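For reference, the structure discussed in these notes is given below.
Just so it is clear, none of the values below were taken in a lab; they were calculated from the coordinates. Note that the structure is a prediction, hence the values are computed from the model and not measured. Using ideal geometry, Cβ is built from the backbone for each residue, glycine included, and neighbour counts are taken over all protein chains shown.
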Amino acid sequence: MMDVPVSWYVILALILFGIGTVGVLTRRNLLVVLMSLEIMLNGVNLALLAFARHHGDAQGQAAVFIVMAVAAAEVAVGLALAIALFRHDGSVDLDRATRMKG
Amino acid sequence: MTAQMVVFWILAVTSVAGALAVVLPPFGRNPLHAAVALLITFTSLAGLMVLLSAHLVAALQVLVYAGAVMVLFTFVVMLLNLRRQDLTGYRITAWKAVGVAAMIALSVKMGIALTAGLSAFDDPATAAQVANDFGGVKAVGRDLLTTYLVPFEATSLLLLVAIVGAVIVARRRDGGAA
């Protein structure tokens, strides 16, 4: 049984995506920017699952599975970059990370 | 108001509150506080996934996000050992303000368009009836190993590349062990 309308899930997904985007755009700490990216991806996953449930089609859940794997890879590489940036600059402040080389 | 709706509202409020706590200071100023807030969002979303009968994905959400990703975040936050003055909050430049304003405008516009376009989805009775094993390991696994076999195998390659890439990027440059 499905008692909650799909539109509620999609609006919630939109809110989470919006909050994540604002975080990515405004925060300076690289770690918090990566966390905001995770919120955005989770919002997208929720929308995919809501429509998968509505249509009774498990293919949307397979797509979510792949999004999760990509997100995990993204976090691993992103945090490795954060460690490299910290070793290089002594901070993870994105506004101070102005040089890409050297 | 059915029981499902009550559970939906509780989980929706906690997930949005957690997301806001990540993005907004004073909570988000300390990355460790932000990580805990993110954990609240992840677990609330796992609950919402159960409501959507996506049982396998909900279990993976707890394992991968609330487990592995969160451990990675807290580990790196503690490894970096940031000083007080490094815990920066915002810097709003004109371009960022434009970007945020555009994003908020876009979200509102999309919300209006969605509420109009989603009226077809407003009645839960129009949702497909699903079997009890919908969203279980068997149903999703069958799709992953037939229709989505190539993306599935590409995912394993992607994870391998990510592991090797992360080790190389995070390794010390002076030849010492990482």
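Some values worked out for this structure:
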item: Full-extension gain in nm, B:ALA17 to B:LEU63, via 0.36 nm per residue minus C-alpha separation; result: 14.4 nm
item: Rough spin-label spacing in nm, given labels placed 7 Å along Cα→Cβ, for A:ILE66 and B:ALA102; result: 2.9
item: Label-point gap, in nm, between A:HIS55 and B:GLU153 - each point 7 angstrom along Cα→Cβ; result: 2.6
item: Computed Kirkwood radius, in angstrom, where 1/r is averaged over Cα pairs of chain B; result: 20.2
item: Fluctuation leader among B:VAL98, B:VAL64, B:VAL164 - chain B, Gaussian network, Cα springs under 10 angstrom; result: B:VAL164
item: Cβ charges +1 (Lys, Arg) and -1 (Asp, Glu), total dipole of chain B, debye; result: 840
item: Residues B:ARG29 and B:THR126, FRET efficiency given R0 of 45 Å [Cβ-Cβ distance, rounded to 0.05]; result: 0.50
item: Residues B:TYR148, A:TYR9, sorted so that the one with the fewest Cβ neighbours within 10 Å comes first; result: B:TYR148, A:TYR9
item: Calculated [θ] (222 nm, deg cm²/dmol) that DSSP helices of n ≥ 4 give over the protein assembly as shown, each run adding -39,500 (n - 2.57); result: -23500 deg cm²/dmol
item: On Cα atoms only, tilt of A:30-55 relative to the major axis of chain A in degrees; result: 10
item: Kirkwood Rh and Cα Rg combined as Rg over Rh, evaluated for region A:6-89; result: 1.08
